[in-house]
Amino acid sequence: MADYDYDVLVIGAGPGGYVAAIRAAQLGLRTACAESRDTLGGTCLNVGCIPSKALLHASELYEEAKAGHMTKFGVEFTGVTLNLDQMHAEKANAVKELTGGVEFLFKKNKVTWLKGKAAFQDAHTVDVNGQTVTAKNIVIATGSSVMPLPGVEVDQTTVVDSTGALALPKVPEHMVVIGGGVIGLELGSVWRRLGAKVTVVEFVDQILPGFDGEVRRESAKLFKKQGMELKLSTKVTGVTVDNGVATVTVEPAAGGASETMTADAVLVSIGRKANVDGLNLEAIGLELNKRGQIETDHSFKTKVDGVWAIGDCVPGLMLAHKAEDEGVAVAENIAGQTGIVNEDVIPSVVYTMPEIAGVGLTEEAAKDMTEIKVGKFPFAANSRAKTNRDTDGFVKVIADAKTDRVLGVWIVSSLAGTLIAEAAIAMEFGATSEDIAYTCHAHPTHAEALKEAAMAVQGKPIHI
């Protein structure tokens, strides 16, 4: 048997990559991870999930204080001002703590960090910043990057992508967001709360492609109520910048007369693409699919023996928690154990206010597959939401009409991202709506709304 430098080499230290490396090391495999950033954690920790949530939380606090939402509770403020530099500083602290935490975990678990970009020489050999490294197993976990919009140049000053939108030095007067998906709505929400006028331009007729239709419509109503302008069924045909002012040209997606808008910030957020450039996959004969992704089997093996792939560079949802689960699974498969990820039960969350979350099938997709029953419960009828004056949204439970097995759960609520975990666990264990309906939930909590929605599937909700 060939003598390799490592049993496992992971390319990329995002959520999937660093988790795969740590789990492989825990299983007794000699493990290294190649990462070219100065800090570990990939897009998620450095310029994605973590900094965006820091700004979302901070902007929520600012809006609560500035808009007088707390006055009804007897909490009064005067002279509320925004210190954007401090907001950015606190965001940076969160990033530093978490990326440093991953570096600590590498040292604790004896994972070697190879600093630099990796490129294949053959199926068991890569070049990392001029160093030749061999491994019995190589895991590609390179994540994704921003999808460019043809003809629109991102200068990270006036026209920004998600990275630039996290670091704007001042609040824009008018921000145009190109793309009504998760990233655009989250970052648009940040700057709207801090004082910007925000216009979202979306090519299709609803925001949040892929989400449940009723949830998409409800979310659009709430964003409009908050002051966000949504231009749906609209395409951007050009963006020009002159002296810090962008002119955005749009027209109906189906064709028609064009119009222009001016803005001092334009956020391009039309999606993400797999990071595969520079890997020299040609050297190992590994082709990409039509979407530029690496195909794998259920164990995350590619067609090349000894080469595996996980996370955003393979088909499926581009979500950090999916990548993490795949990181654990691929390490266990390499070690001869059985690592499985149920791709049908992966929750998605939009961290706006309220949050929007779902797991499993949408109502539309479920109807195409089988006969269904649907139960809904509004937070306006939930006691904890009432006391908190936090009544926007609802819970929807979708179940098979014959077996009662839960097929999907969708939630719009300030706590949707937390509440969806119960639904995911229930679905992982094949729960029926009756199982959820007859599970005692603590009172008073927002979680009772999920119980009531499940009871509504049964046709016997109590509080509506």
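The values are calculated or read from the model by the stated rules, or taken from the named source; none is laboratory data. Only a predicted model underlies this, so the values are computations on that prediction, with no experimental measurement involved. No Cβ is skipped: glycine too gets one built from the backbone with ideal geometry, and neighbour counts run over all protein chains shown. SASA here: full protein model, heavy atoms, side chains in, ligands and nucleic acids out. Shrake-Rupley method; radii C 1.70, N 1.55, O 1.52, S 1.80 Å.
Looking at region 238-288 only, could you name the residues that are outside any loop (DSSP other than H, G, I, E, B) and touching a helix residue (DSSP H, G or I) at 6+ places or on another chain (Cβ under 8 Å)?
Scanning region 238-288 gives Ala265, Leu267, Arg272, Ala274.
Considering Val330, Val350, Val341, Val304, which residue is in contact with a helix residue (DSSP H, G or I) (Cβ under 6 Å, 6 or more places away or on another chain) and either at positive phi or surrounded by fewer than 20 Cβ atoms within 10 Å (Cβ to Cβ) (or both)?
After ruling out the rest, the residue left standing is Val304.
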Exercise for the section: Can you tell me which residue among Ala437, Ala454 is more than 25 Å from Arg216 (Cα to Cα) and crowded, with 20+ Cβ neighbours inside 10 Å? Expected result: Ala437
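Take Gly316 and decide whether it is within 19 Å of Ile11 (Cβ to Cβ), surrounded by fewer than 20 Cβ atoms within 10 Å (Cβ to Cβ) and free of Cβ contacts under 8 Å to residues at least 40 places away in the same chain. Give the steps one after another, and end with the answer.
Details: within 19 Å of Ile11 (Cβ to Cβ): yes; surrounded by fewer than 20 Cβ atoms within 10 Å (Cβ to Cβ): yes; free of Cβ contacts under 8 Å to residues at least 40 places away in the same chain: yes.
So Gly316 fits the description; yes.
If we only count helices (runs of 4 or more DSSP H) wholly inside region 113-231, which ones have 3 or more residues that are open to solvent by less than 10 Å² (accessible area, probe 1.4 Å)? Don't jump to the end; show me each part of the working.
Details: elements: 162-165, 182-193, 213-225.
Once the helices (runs of 4 or more DSSP H) in region 113-231 are filtered for at least 3 residues that are open to solvent by less than 10 Å² (accessible area, probe 1.4 Å), what remains is 182-193, 213-225.
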Problem - Any hit, region 92-108, residues being at pLDDT 95 or above and part of a loop (DSSP other than H, G, I, E, B) - result: no
Handout entry: Identity of the residue in region 366-414, polar (S, T, N, Q) and in a loop (DSSP other than H, G, I, E, B), that ends up surrounded by the most Cβ atoms within 10 Å (Cβ to Cβ)
Key = Asn382
Practice task
Run down Ile462, Ile425, Ile411 and say which single residue is of a type in the set (A, V, I, L, M) and under 20 Å from Arg217 (Cβ atoms).
Solution key: Ile411
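Specify which of the listed residues (Gly336, Gly306) is farther than 26 Å from Asp277 by Cβ and over 21 Å from the mean Cα position of the chain (by Cα). Spell out how you get there, then give the answer.
On the way: Gly306 fails: farther than 26 Å from Asp277 by Cβ.
Within the list Gly336, Gly306, the selection yields Gly336.
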Practice task
Could you grab the pairs with beta carbons closer than 7 Å, sequence gap of 6+ or different chains, first residue in region 443-457 and β-branched (Val, Ile, Thr), second one in a helix (DSSP H, G or I) and at pLDDT 95 or above?
Solution key: Thr445/Arg384; Val457/Ser433
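If you go through region 43-54 one residue at a time, do you hit one that is in a loop (DSSP other than H, G, I, E, B) and either touching a helix residue (DSSP H, G or I) at 6+ places or on another chain (Cβ under 7 Å) or over 23 Å from Thr125 (Cβ atoms) (or both)? Even if it seems obvious, please write down each step before you answer.
So in region 43-54, the residues in a loop (DSSP other than H, G, I, E, B) come out as 48.
Now drop any that are not either touching a helix residue (DSSP H, G or I) at 6+ places or on another chain (Cβ under 7 Å) or over 23 Å from Thr125 (Cβ atoms) (or both), which leaves 48.
Yes, that holds for at least one residue.
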Problem - Breaking point among (1) in contact (Cβ under 8 Å) with a residue 24 or more places away in the chain; (2) touching a strand residue (DSSP E or B) at 6+ places or on another chain (Cβ under 6 Å), for Val204 - result: (2)
